[in-house]
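Engineer: Starting off with a structure, shown below.
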Amino acid sequence: MSTVHVSFDQKAYDVKINNTAHTQIGSEILAVWSLRKIALLTDSHVGPLYLTTTQQQLEAAGFDVLPLQVPAGEQSKSLTVAGELIAKMAAAGFTRGDGLIALGGGVVGDLGGVVASLYMRGINFIQIATSLTAQVDSSVGGKTAVNLGDTKNIAGTFYQPDLVLVDSTYLNTLTDRDLVEGYGEVVKTSTLDSQEFFDFTGTIQSIKDIRMHAQKLSQLAIAYKAKIVMHDEKESGQRQYLNFGHTIGHAIELLAHGNLRHGEAVAIGMIAMTERMARDGVSSDDLTNALKARLEAVGLPTSSNLIGTSEFFDHLINDKKNRGGILNLVALKKIGSPVIVQKKLADMPDFIK
């Protein structure tokens, strides 16, 4: 087992990374929580696989468990669904001393974090991350959010968990597409972190390689993200680097109406951004090619005709990185050296073309 310790002024917790946590959930939770009611939140993909065994382990440890299942997919990341979950917890008599565990991928983690932060102004929260996207990215750092209409992650909070469990065994039941989507975030992190990590992603040449090295990939990605978020919890400085590929990626993800997964859109966004930054002398063509090779080796898309449409620019206006008509774009001078390039929204059509 490896453990990444995440520490802030008001909060500290561990991210435990191994392949046995799924059999030790009762003891892992007992180590950080006293006995209480637990809302165990999952979705219709993960629930049939892991809800019953997780609930049994928690109940065997003495916890009182309320299982909650939402439909799988982004449509569950809404204020309406959050309200329904809060109502169910209230009806079951949950108090400030109780807790919520998110058992699932990024959608369940985000939704669970919002619900935990809102219920009675905040109850304890734990993440059991079952997808590669959640394991390497969304479960660490405390960003939680739901969507509103076509605007992604527009309503949310910063809310740190008490524990994150990352077990690579859960990935065995992920489809190849869902696994590879998460790998898009791993490649992103490797470009931001170091030449050593980037060289390691260069050795991943197939989906089989991702599965074989999933635990090491998670360890490296989580260690980098933890280091960044500990320096900048509320995204006022260097935490913005984690948005590499996301300004373009989020816009086309929404325009694709479910046909692009988050990691696929980020992969396209990273290449689109790096190509244009290379054209403008910030990045290099060599870097673009090296990045594209890593993404295409496992079947991730690297281009989209959605970029540059009028609807695309409409979505940039609602981007959370829009500060008074200025976008903070993340670019790479070289591997391990991200920079912020500011662009006026009005100048984005010229930059994108």
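The values are calculated or read from the model by the stated rules, or taken from the named source; none is laboratory data. Just so it is clear, the model here is predicted, and its values are computed rather than measured. Methodologically, a virtual Cβ is constructed for each residue, glycine included, from the backbone with ideal geometry; neighbour enumeration extends over all protein chains shown. These accessible areas exclude ligands, DNA and RNA; they are computed on the full protein's heavy atoms, side chains included. Shrake-Rupley method; radii C 1.70, N 1.55, O 1.52, S 1.80 Å.
Engineer: If you find the alpha carbon centre of the stretch 10-64 and of the stretch 261-330, how far apart are they in angstrom?
Structural biologist: Using only Cα atoms to place each centre, the spacing works out to 37 Å.
Engineer: Now for a different question. Taking the Cα centre of the stretch 207-353 as the origin, how large is its charge dipole in debye, to the nearest 20, when only Lys and Arg (+1) and Asp and Glu (-1) carry charge on their Cβ atoms?
Structural biologist: The dipole magnitude comes to about 480 debye.
Engineer: Straight-line reach from LYS208: which lysines have Cα under 21 Å away, leaving out those fewer than 8 places along the same chain?
Structural biologist: Qualifying lysines at Cα under 21 Å: LYS188, LYS216, LYS292.
Engineer: Along the charge dipole of the stretch 213-297, which of MET270, ILE248, GLN219 sits closest to the positive end, that is, farthest toward it, with unit charges on the beta carbon of Lys, Arg, Asp and Glu (+1, +1, -1, -1)?
Structural biologist: Final value for the positive-end residue is GLN219.
Engineer: While we're on this one: When we measure straight from the Cα of LYS143, which lysines land under 17 angstrom away, once same-chain ones fewer than 8 places off are left out?
Structural biologist: By straight Cα distance, LYS143 reaches LYS11, LYS77, LYS152, LYS225, LYS227, LYS234, LYS320, LYS321.
Engineer: What length, rounded to one decimal in nm, is gained on full extension from ALA60 through to ILE154, with 0.36 nm per residue of separation minus their alpha-carbon distance?
Structural biologist: 30.0 nm
Engineer: Report the residues of the stretch 231-275 in range of a label on ILE207: point 7 Å along Cα→C-beta, backbone N strictly under 11 Å from it.
Structural biologist: none
Engineer: Taking Cα pairs under 8 Å and at least six residues apart, what relative contact order does the chain come out at, in percent?
Structural biologist: 14
Engineer: Using the Cα centre as the reference, give the magnitude of the dipole from point charges on the C-beta atoms of the chain (Lys, Arg: +1; Asp, Glu: -1; all else neutral), rounded to the nearest 20 debye.
Structural biologist: 500
Engineer: Of VAL46, PHE351, GLY106, which is farthest along the charge dipole of the chain in the positive direction, counting Lys and Arg as +1 and Asp and Glu as -1 at C-beta?
Structural biologist: PHE351
Engineer: Please report the carbon-and-sulfur percent of the accessible area for the chain; probe 1.4 Å, protein heavy atoms only, DNA, RNA and ligands left out.
Structural biologist: Of all accessible area on the chain, carbon and sulfur atoms account for 50 percent.
Engineer: Extent of the chain along each principal axis, from alpha carbon coordinates, in Å, largest to smallest?
Structural biologist: Dimensions of the chain along the principal axes of its Cα atoms: 60, 40, 38 Å.
Engineer: Work out how much length THR309 to ASN328 would gain on full extension: take 0.36 nm times their residue separation and subtract the Cα-Cα distance, in nm to one decimal.
Structural biologist: Once the chain is fully extended between THR309 and ASN328, it gains 4.8 nm.
Engineer: For an R0 of 45 angstrom, estimate the FRET efficiency from the Cβ-Cβ distance between GLN342 and THR3 and round to the nearest 0.05.
Structural biologist: Once the sixth-power term is evaluated, E becomes 0.75.
Engineer: Moving to a separate point now. When the convex hull of the Cα atoms of the stretch 198-353 is projected onto a plane and the area is averaged over all directions, what value comes out in nm²?
Structural biologist: One quarter of the hull surface, i.e. the mean projection, equals 9.2 nm².
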